[in-house]
1. How large is the dipole of chain A about the Cα centre if only Lys and Arg carry +1 and Asp and Glu carry -1, each at its Cβ, rounded to the nearest 20 debye?
2. Under a point-charge model restricted to the Cβ atoms of Lys and Arg (+1) and Asp and Glu (-1), what is the dipole moment magnitude of the protein assembly as shown relative to its Cα centre, in debye to the nearest 20?
3. Inside 10 Å of the C-beta atoms of B:42-49, what's the mean count of C-beta atoms belonging to other chains?
4. Could you work out the local net charge near A:Gly51, counting Lys and Arg as +1, Asp and Glu as -1, over the other residues with Cβ closer than 13 Å to its Cβ?
5. Going by average Cβ neighbours within 10 Å, how do the peptides B:81-93, A:58-70, A:24-36 rank, with the highest at the top?
6. Summing +1 for each Lys or Arg and -1 for each Asp or Glu, what net charge is found among the other residues whose Cβ lies under 15 Å from the Cβ of A:Ser69?
7. Between the alpha-carbon centers of the range B:1-39 and the range A:4-62, tell me the distance in whole angstrom.
8. Taking amide H atoms as placed 1.01 Å from N in the peptide plane, list the residues 5 or more away in sequence, or in a different chain, whose amide H sits under 5 Å from that of B:Arg63.
Amino acid sequence: NAGVTQTPKFQVLKTGQSMTLQCAQDMNHEYMSWYRQDPGMGLRLIHYSVGAGITDQGEVPNGYNVSRSTTEDFPLRLLSAAPSQTSVYFCASSPRTAFRTYNSPLHFGNGTRLTVT
Amino acid sequence: AQKVTQAQTEISVVEKEDVTLDCVYETRDTTYYLFWYKQPPSGELVFLIRRNSFDEQNEISGRYSWNFQKSTSSFNFTITASQVVDSAVYFCALLVTVTGGGNKLTFGTGTQLKVEL
């Protein structure tokens, strides 16, 4: 059972380049989300999805696109990378009703460190 | 809107000292959940504890203890007899439901704890 898998672990982009951060989970979780972590800012929600075909914006969605064609995968796309998107990105998943029945609501991946020059 | 405040940016203690990390939260929801996560230098997010809004009972787990007080909207975390391995960034987080289900977790900005010999 791999849990939440993020790839790549590290990535360097030039301004204007595009790329996709991959996130996959094998726990059949309905809910998936993307966070970015910046120094002094904590973790901020970018986008989330409550199931296949359904996505919604979080706190800082600008510059990012997501889609959810399957339960397992929730990729995060940067269409035109900017230096302000230099950050560590975390993907997380949980069963839809996890907050009622489980101790930890989110299973986190190990993060992707992205640098945009 | 939800908000989590961790006013202590960085705390340094000497090993075996007790240390308390403060967390103050804001929400209009009557049902919510509070969490503490640990992020060691390796970068992963480690779940420590969850507390429900209707359960103000304090909890102790080994050297860790948590004091939840709804009257002051605080959920403080104390490490007794700190150790070097406790050095990490600690995040307090608040979870509420979102329309359509799923979890919206709002993080504080984190407290960097340094435990020195």
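No lab work stands behind these numbers, since they all come straight from the coordinates. What you see is a predicted model; the values in this text were computed from it and never measured. Counting neighbours? That spans all protein chains shown, and the Cβs are built from the backbone with ideal geometry, glycine included.
1. 220 debye
2. The dipole magnitude comes to about 500 debye.
3. Mean partner-chain Cβ count within 10 Å for B:42-49: 5.
4. With Lys, Arg at +1 and Asp, Glu at -1, the net is -2.
5. A:24-36, B:81-93, A:58-70
6. Spelling it out: positives minus negatives among the neighbours equals -1.
7. Here the two parts' Cα centres lie 24 Å apart.
8. For B:Arg63, whose amide H was placed from the backbone, there are no distant partners under 5 Å.
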